[in-house]
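Reading through the C-alpha cells given below for one structure.
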Amino acid sequence: MVDEIKEKIRLVPDFPKQGVLFRDITTLLKDPNGLRDVMKYFKIRYKGRKIDKVVGIESRGFILGATLAYMLGVGFVPVRKANKLPAHTRRIDYALEYGTDSLEIHTDSILPGERVLLIDDLLATGGTAKATTQLIESLGGIVTECAFLIEISNLKGREKLPDYNIFSLVEYTD
C-alpha cells in the first residue's frame, strides 16, 4: 500500500525554483482513499503509545496532525509562521538555505512532561523540524518521535535530528 500512496504524489519539476523537484501531496489528498490510507498507517503506528499531543507544522502538517490527533483521542497543537497565532507565543528563528525564517507556538499549548509526536508532510533538510523540536522542548515537552509522510533522504534531514526517532512513510532518494 505504501507504493500506492507514493504513486498518488505528484512530482512537479522546477517548483518553487529551478532545479527543485517538488512533491505535491494535493493529488494524494484529493483521491478518495489517499488521506484515509495515509492516516491508517499513522494510526496503526501510534495507537496505544503514550502520546499527549500531536504537533503539526504549518501548513500541510496541520492536515496530517489534526487528523491523527482526532484518531488517537489526543490534543493537536499547530506550529505556525511568525505572527499568525493570536495569544502569547514562543518564537524561534532558524536558518534556511538562503536566509532565515521563524516559527511560533502558543506558550500554553504544551505542559512540562507531556509526550509529543511531531508530524509534517515532508522531511527535506530538517531545519523546520529541528526548530519545532526546540520549541516543543522549550515548553517542557518530550518529543517521542518525528513523523513524516515523505522523506527526501539525500537531503540528509535526519542528520539535523540525531537525538530523535524518525519515521517516514514514503522515501525519495532524489
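The values are calculated or read from the model by the stated rules, or taken from the named source; none is laboratory data. Owing to the predicted nature of the structure, the values given are computational and were not obtained by experimental measurement. Cβ: placed from backbone, ideal geometry, glycine included. Neighbour counts: every protein chain shown.
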In the stretch 58-90, anything exposed (fewer than 15 other Cβ atoms within 10 Å of the Cβ) and touching a residue at least 12 places away in the same chain (Cβ under 8 Å) is listed as LYS81, ALA82, ASN83, LYS84, ALA87, HIS88
Please name all residue pairs, on different chains or six or more residues apart, with Cβ atoms under 6 Å, provided the first residue is in the stretch 153-164 and is in contact (Cβ under 8 Å) with a residue 24 or more places away in the chain and over 17 Å from VAL143 (Cα atoms) and the second residue is of a type outside the set (Ser, Thr, Tyr) and part of a loop (DSSP other than H, G, I, E, B).
LEU155/ALA124
Test for THR67: is it touching a Lys or Arg at 6+ places or on another chain (Cβ under 8 Å), at pLDDT 95 or above and within 30 Å of LYS47 (Cβ to Cβ):
no
Where in the stretch 59-140 are there strands (runs of 3 or more DSSP E), lying wholly inside it, with at least 2 residues that are charged (D, E, K, R) and over 20 Å from PRO162 (Cβ atoms)?
75-81, 89-96, 99-106
Condition test on ASP174, is it among the acidic types (Asp, Glu), on the phi < 0 side of the Ramachandran plot, surrounded by fewer than 19 Cβ atoms within 10 Å (Cβ to Cβ) and in contact with a Leu (Cβ under 8 Å, 6 or more places away or on another chain)?
yes
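Going through the stretch 92-122 one residue at a time, which ones are among the charged types (D, E, K, R), surrounded by 13 or more Cβ atoms within 10 Å (Cβ to Cβ) and farther than 27 Å from ILE44 by Cα?
ASP101, GLU104
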Residue list for the stretch 1-26, restricted to those being in contact with a helix residue (DSSP H, G or I) (Cβ under 8 Å, 6 or more places away or on another chain) and either more than 26 Å from LEU155 (Cα to Cα) or of a type in the set (Val, Ile, Thr) (or both)
VAL2, ILE5, ILE9, ILE25
Counted residues in the stretch 11-53 being buried (at least 17 other Cβ atoms within 10 Å of the Cβ) and aromatic (Phe, Trp, Tyr) come to 3
If a residue must be touching a residue at least 12 places away in the same chain (Cβ under 8 Å) and either in a strand (DSSP E or B) or within 21 Å of VAL79 (Cα to Cα) (or both), how many such residues does the stretch 17-28 contain?
5
So, in the stretch 130-170, exactly how many residues are loosely packed, with under 14 Cβ neighbours inside 10 Å and within 27 Å of ILE9 (Cα to Cα)?
4
